[in-house]
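Written out below as C-alpha cells is the structure these notes cover.
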Amino acid sequence: MQPIGKWVIAGNRFGSHRTATQKEFGYKLMSGRLHKSPPVVLTKLRGLFPWYEVDTLQGEIAIDNGGTVTAAIEFPLGTPPGAARAFKFRSSFIGSLFDFSTLQSDALSCRVPPDTLYRLRCFTDPAGFAPIGRPSLGTEGGSMAAYGGAVDTSEWSAFATDRTQSAAEIRPYRNDSAYEPILVGQTDEQIDSWMLIGDSITVGNADISGSSGASDPGAGDHYGNAGYAERAFGIKNVPYVNLAKSGSRARIWATSASNIRIYSLREYCNKGLLNLGRNDLGAYRARDIIEALIVVYRTLTSFLSRVVVCTIVPATRTIDGGATIEGQTTHSYEQDRLDVNAFIRSGVIIPVADVFDLESIVRDREGKEVKWRVDGGPWSATGLHPTRIAHIAAAKVLAAML
C-alpha cells in the first residue's frame, strides 16, 4: 500500500492516458475528461502534463516545440461557468509546456469523496507540434450519458478555444485524437496505485474499436476502462495509469535513454503490470527478448513493491477472422514465443505468484499447437489482438490477482 499522505493516481478512469502516440502540427485542443476517484478521500489534486512523443522504435523523443496549457476541475459535476477549480502553475493560471518534459501543476486543495465522478477540462495551445493520443473511451453516446449527460469528448482543431471555465459544449471534432493529461491526488488513507506498461494488447485495441481507428461508442466497461488490464482494475476499483503504447517492444523499453513515462510517475505508483515481448517476436530471438524483459522488470522492481508480468498471447495467421481453429496457423517464430513464456513461468527471476498467464486464458486446449479459442466467437479476429470476449474473460482472472 502507498503510505499515508502519499500522492496516488487519482482514479481508475485512466485507461485513455497513453502518452503521446504521435505528433501533429497546428491544432489546438479543448477536452472534457470524466474521471472517477479511487475508494479513498482525496484532499488535493495535481495535474501532470506530458509533452513528448513516444515512437515505436525510438522510445521517447522530443516534440521540437513547447506550448501553453490551462486546466480546471469541474467538481461537483455541473459546476456553473466560471466556478470550476482552476489549476495554477507556479501561481499562474497558464502553464508553460517545455519540450521533452512533464509539466506539474501546483497542488489544488479539493476534497473529493471516494468513488466520485468529476471532470477535467483542459486546453492546450502548442507552438507547433503537439503530442496526441487515443481519444476518450467508451462514453460518447454510451453509458456515461446516465450521469447527467456527462460525456467525454475533445475538439482538436485550429479553431478550438479555451473553455475550461465555460459551460459550452465541447464540440467533437477529429475525435480520434486527444491530448491526455494525468491526474494525481493526495490521500491520508492507504491504497495501491498501479502503472501499466505494454503494447497494443494492454492498450486494449480490439476492445476499444473492434479493429483500429477511433473508439466505438460504449467501448470498454461502464467507466470506459478498455482491455483486459483496465477492465480488471475497474472491477476492483484500483487506481492506475496506462502507459501502454501500440507497437512497443521490450528491447526499446530496455534500451530507451529516457523512460520519462516511468520516472515521472514513480512517486505516484507502488505496483506495476508488465506485458511486453509480442512485438519483439520475429525481430529478435528468445534470448534477446528475455534479456530485455529482465532489464525492464528489474528497473520497475527497483521502485515498485510488486510487478505482475504477463505471458505473451498466441500468435497466429487466420483465414477466417479467427472463427475456427482450423483456419489458424502459427508463425515461424512460434518457438521463440514458447521459450519466452516458459521463462516467464519458470520462477527464475519473476515470482510465480506475480505471473499473469494470459496465454493460458485465451488459448485453445484441443490441439498441440497454441491457437486462439473460438468458443462463443473469435477470441482474436486478427491472430494478434484479443477480441472483446477475450479481454473480458482475462480481466476477471487478473482482477482476482490484484
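Just a few scattered comments:
- Residue list for region 330-348, restricted to those being under 30 Å from TYR263 (Cα atoms) and surrounded by fewer than 14 Cβ atoms within 10 Å (Cβ to Cβ): ALA342, SER346, GLY347, VAL348
- ILE361 in contact with a Pro (Cβ under 8 Å, 6 or more places away or on another chain) and not in a loop (DSSP other than H, G, I, E, B): no
- Apart from one condition, THR301 fits all of (1) in contact with a Lys or Arg (Cβ under 7 Å, 6 or more places away or on another chain); (2) under 27 Å from ALA400 (Cα atoms); the exception is (1).
- Hits in region 316-348 - residues which are touching a residue at least 24 places away in the same chain (Cβ under 8 Å) and of a type in the set (A, V, I, L, M, F, W, C): ALA323, ILE325, LEU338, VAL340, PHE343, ILE344
- When residues of region 290-309 are limited to those that are touching a residue at least 12 places away in the same chain (Cβ under 8 Å) and among the small types (Gly, Ala, Ser), the one surrounded by the most Cβ atoms within 10 Å (Cβ to Cβ): ALA292
- Residue list for region 213-272, restricted to those being among the acidic types (Asp, Glu), modelled with pLDDT of 80 or more and over 13 Å from the mean Cα position of the chain (by Cα): GLU267
Yes/no matrix, rows are residues, columns are (1) under 30 Å from SER256 (Cβ atoms); (2) touching a residue at least 60 places away in the same chain (Cβ under 8 Å); (3) touching a helix residue (DSSP H, G or I) at 6+ places or on another chain (Cβ under 9 Å):
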{"residue": "LEU34", "(1), (2), (3)": "no, yes, yes"}
{"residue": "LEU48", "(1), (2), (3)": "yes, yes, yes"}
{"residue": "TRP51", "(1), (2), (3)": "yes, yes, no"}
{"residue": "ASP55", "(1), (2), (3)": "yes, no, yes"}
{"residue": "ASN65", "(1), (2), (3)": "yes, yes, no"}
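- Boolean, GLY327 is in contact with an Asp or Glu (Cβ under 7 Å, 6 or more places away or on another chain), modelled with pLDDT of 95 or more and surrounded by fewer than 20 Cβ atoms within 10 Å (Cβ to Cβ): yes
- Residue that is nearest to GLY185 (Cα to Cα) [pool: residues in region 219-247 that are touching a strand residue (DSSP E or B) at 6+ places or on another chain (Cβ under 8 Å) and charged (D, E, K, R)]: GLU230
- Looking across region 272-289, the residues that are surrounded by fewer than 20 Cβ atoms within 10 Å (Cβ to Cβ) and charged (D, E, K, R) come down to ARG285, ARG287, ASP288.
- Test: ARG388 is basic (Lys, Arg), at pLDDT below 95 and either crowded, with 19+ Cβ neighbours inside 10 Å or under 22 Å from the mean Cα position of the chain (by Cα) (or both): yes
- Looking across PRO378, PRO351, one residue alone is touching an Asp or Glu at 6+ places or on another chain (Cβ under 9 Å) and either free of Cβ contacts under 8 Å to residues at least 40 places away in the same chain or buried (at least 19 other Cβ atoms within 10 Å of the Cβ) (or both). It is PRO378.
- Of residues in region 176-199 being closer than 22 Å to SER154 by Cα and crowded, with 18+ Cβ neighbours inside 10 Å, the one modelled with the lowest pLDDT: SER177
- Output for region 29-51, where each listed residue is surrounded by fewer than 20 Cβ atoms within 10 Å (Cβ to Cβ) and not aliphatic (A, V, I, L, M): PRO39, THR43, LYS44, ARG46
The values are calculated or read from the model by the stated rules, or taken from the named source; none is laboratory data. Computed from a predicted structure; not experimentally measured. Here the Cβ is made from the backbone with ideal geometry for all residues, glycine too, and neighbour counts use every protein chain on show.
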